[in-house]
Structure formats: C-alpha cells, structure tokens
Amino acid sequence: MNRTNKYSQARPQPLARLPAAARVGMFLLTLLALWLPWAIPFYLIWGEVGPVSGLSLGLLYSLFILLLREWGQRVHRQKQPFRFYGLPLSRQLGREAGLGWLLGLGLIGILFGSQWGLGWVGFEGFSGHFLKIVPEGLLVGLGIGFAEELLFRGWLQQELELDYQPNSAVLIQALIFAALHFIRPLEVILATAPQFLGLVLLGLSLGWAKQAWGRRLGMAIGLHGGLVAGYYWVNVGGLFRPSAGIPEWLTGVGGNPLAGLMGLVLLLALAGVMGYRAATAP
C-alpha cells in the first residue's frame, strides 16, 4: 500500500488508519444513516413518483457534500477539505472546466460528424423544439458532471490514492464507476456489454484528467459535462438517425455510442492522451 501520498499525514483518527475499503464503507454507511430517516417517510407517504424521487436524490447528494466536508476535516484533518478532494475555489478551476467542456462537446462533434461523413447516420436537422432543450442539456451536463466527478474522481479516487499507487486507484474507481452505471437486468447487460468497456475507458480518462491537471477536478467536470450535454442535445434533439443496413456494433448498440466501435475507439484515444498527460505531468 502507498502511504506516502502527499496528502497523507499523522493520522490520530482511528478511521483514517483503516484500509481504503473500510473507510469507503464507513462513509457510505454514515451517509445512508443520515439519509434514510428522511427518504423512507417520503416513499411511504408519496410513493416513487417523479418529484419525490428527485427531491430524495437531491437530499442524498446534499448530505453527501455536507458529510464530505466533515469527513475531510475530522477524519483526514484537512483544513480545506474540498481542496483536498480536488475543488479549490479558484479561477484556474473554472478555466479548466471550460476547456474540458469544449473538449467534451468537440468529441461528440467528432463522433457524430465522422459517422455522418461515412454515411452511417443521416442528419435530420434541427427541430422546432431544439432551442428549448439547449438549456436542459446545459443543466443536465453541469449537474451530472459536477455530481459524478466529486463522487468518483473527488472523494472515491482520493480515498483510494491514500492506500494505493495512483494508477491502481484510477483503475479501481473506473471499474466501480462502470459497474454502478451497469446495474441492470441480466439480459440488458448481455445485450449492451460493450458499453461496460466504454464506461471503464471514460472512468480512466476522467481519473487521469484529475491527475494531469494538478489533482484538480476542473478538467474532469468540464469534460464529463460536455460529453453529457452534447449527447443530450443529439439524442433528445433527434439530430441523427442510423442509416439502413449499418450494423449497431459500429454506431452503438441500442443507439448508445459508448457501445459502438467508433465510440470505443474515440474513448480509447482519449484515455491514451489523458494517461500520457498524467504520466508526464510535473
């Protein structure tokens, strides 16, 4: 185990001396203990209706952020816990997030532009409701980019890096990231198996992006958010349709580009670039 991480300190707290798996488990159990007393009454009274589900998940993530602050301060003795997890309040973080956002949108443009140029998909044009979904995609991208990066590359990867070598920590969090996005019925898992590899490659890319940009989450948040927003605009906006006779394994099983050959090649290239940049970062 790697106990020489630059954030490691003399750890007076017993929890801080536990293995990473135990610390992660204790954190999640604490989070559930805080959330369930609120979530259970919501579901008992109102059921699993849309607004209640959204409110419950919003409460869960709010509690996660509050617990993360306390965890960083009390367990790891960090005076600035969010900086410890990759979120320093700085203009640099914002610039990196903006650059990542443009990169994410650019990758979506390359993916669908290439398929269009090869004749694999047809361009349907912009519908009348497209302007309506632009702010929706922006909010979805920002929300998912921030939430998932703080969770996986911020908290989880940092906890792992306190015990393991950096690349091992990146790989473990990428596998967990992919697995948690792949909780589905068995028949769906088997039908969309290539998507798991795409999610692993995305998790690796985002983990190395954090390492390459000074252990800050700006690039990872922006890149993740740009990918999500770009795909939202393409998918919900109905900008492209698969051409007849083109197999799904090329364009994406079930219409998901992460489960298609071109999407996997693009993600593999992204992981290679991010991995190289992380390995050569000062």
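Worth pointing out:
- The stretch 90-280 - Rg over Rh from alpha carbon coordinates, Kirkwood radius: 0.98
- A crude spin-label estimate for the pair Leu118 and Tyr276, with each label 7 Å from Cα along the Cβ direction, gives 2.2 nm.
- C-alpha long axis of helix 261-280 to longest principal axis of the chain, angle in °: 40 degrees
- The amide H of Gly122, built 1.01 Å from its N in the peptide plane, has Arg241, Ser243 as neighbours under 5 Å, considering only residues 5 or more places off or on other chains.
- Available extension along the chain between Val134 and Leu250 is 39.0 nm, counting 0.36 nm per residue and deducting the alpha carbon span.
- Virtual spin-label span in nm between Ser53 and Phe182, 7 Å along Cα→Cβ: 2.3 nm
- To the nearest ten degrees, helix 20-46 and the longest principal axis of the Cα atoms of the chain are 70 degrees apart.
- Helix 91-117 and the long axis of the chain differ in direction by around 30°, with both axes built from C-alpha atoms.
- Two-site FRET efficiency, Arg77 against Leu268, from Cβ-Cβ distance with R₀ of 41 Å, rounded to 0.05: 0.55
Quick note: the coordinates plus some simple rules give every number you see, no bench work behind them. Keep in mind that this is a model prediction, so the values were computed, not measured. No Cβ is skipped: glycine too gets one built from the backbone with ideal geometry, and neighbour counts run over all protein chains shown.
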